[in-house]
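Trainee: Dumping the structure here so I can ask a few things about it.
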Amino acid sequence: MLDHVELYAVETTTTDSGVSVMLEHDNVRCVLVVSSQVPRHTLSPRELQIARLVADGSTNRAIASSLEISPWTVSTHMRRIFAKLDVTSRAEMVAQFFGA
């Protein structure tokens, strides 16, 4: 269908955060925005749950008990969270992720 549509690029804008193109067809304008920004934090739901428990002051052992998982699994999640957030301590993780 789009092969048969004649579109005109009215305006193209490029910034550090992405590209936007204003298109026009039959006096109808639309804007296509493509963002080059990657989400800052891409934690899984479980990692986010664990990060919140850490922010509340829970130890790995307490987190493991409340989530009914092993302390080893909590440690694995913590290592992944640290790597994703590029931090080296629990305090730094909480400060960076939750803005504390």
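Trainee: Roughly how many nanometres apart are two label points built 7 Å out from the Cα toward the Cβ at L48 and V87?
Mentor: Output for this residue pair reads 1.6 nm.
Trainee: Now for a separate question. Using Cα pairs closer than 8 Å and at least 6 residues apart in sequence, work out the relative contact order for segment 45-98, in percent.
Mentor: 33 percent
Trainee: What distance in nm separates the simple spin-label points at S20 and T59, each placed 7 Å from Cα in the Cβ direction?
Mentor: Distance between label points: 5.2 nm.
Trainee: For segment 45-98, what % of the accessible area comes from carbon and sulfur atoms, probe 1.4 Å?
Mentor: Numbers: 1730 of 3250 Å².
C and S fraction of accessible area: 53 percent.
Trainee: Provide the packing ranking of 86-94, 22-30, 46-54, 72-80, i.e. peptides ordered by the mean count of other C-beta atoms within 10 Å per residue, highest first. The partial results should precede the final answer.
Mentor: Working: 86-94: 13.8, 22-30: 10.8, 46-54: 17.9, 72-80: 15.6.
Descending packing order for the listed peptides: 46-54, 72-80, 86-94, 22-30.
Trainee: How many percent of Cα pairs in segment 40-100 exceed 16 Å?
Mentor: On the way: 607 of 1830 pairs.
Result for the distance tail: 33 percent.
Trainee: Suppose each label sits 7 Å from its Cα in the direction of the beta carbon; what would the V31-L67 distance come out to in nanometres?
Mentor: 4.0 nm
The values are calculated or read from the model by the stated rules, or taken from the named source; none is laboratory data. Here the structure is a predicted model, which is why all the values come from computation and not from measurement. Virtual Cβ from ideal backbone geometry, glycine too; neighbours counted across all protein chains shown. The protein model used for the area step is the full one, side chains on, heavy atoms only, and it has no ligands, DNA or RNA in it. Shrake-Rupley method; radii C 1.70, N 1.55, O 1.52, S 1.80 Å.
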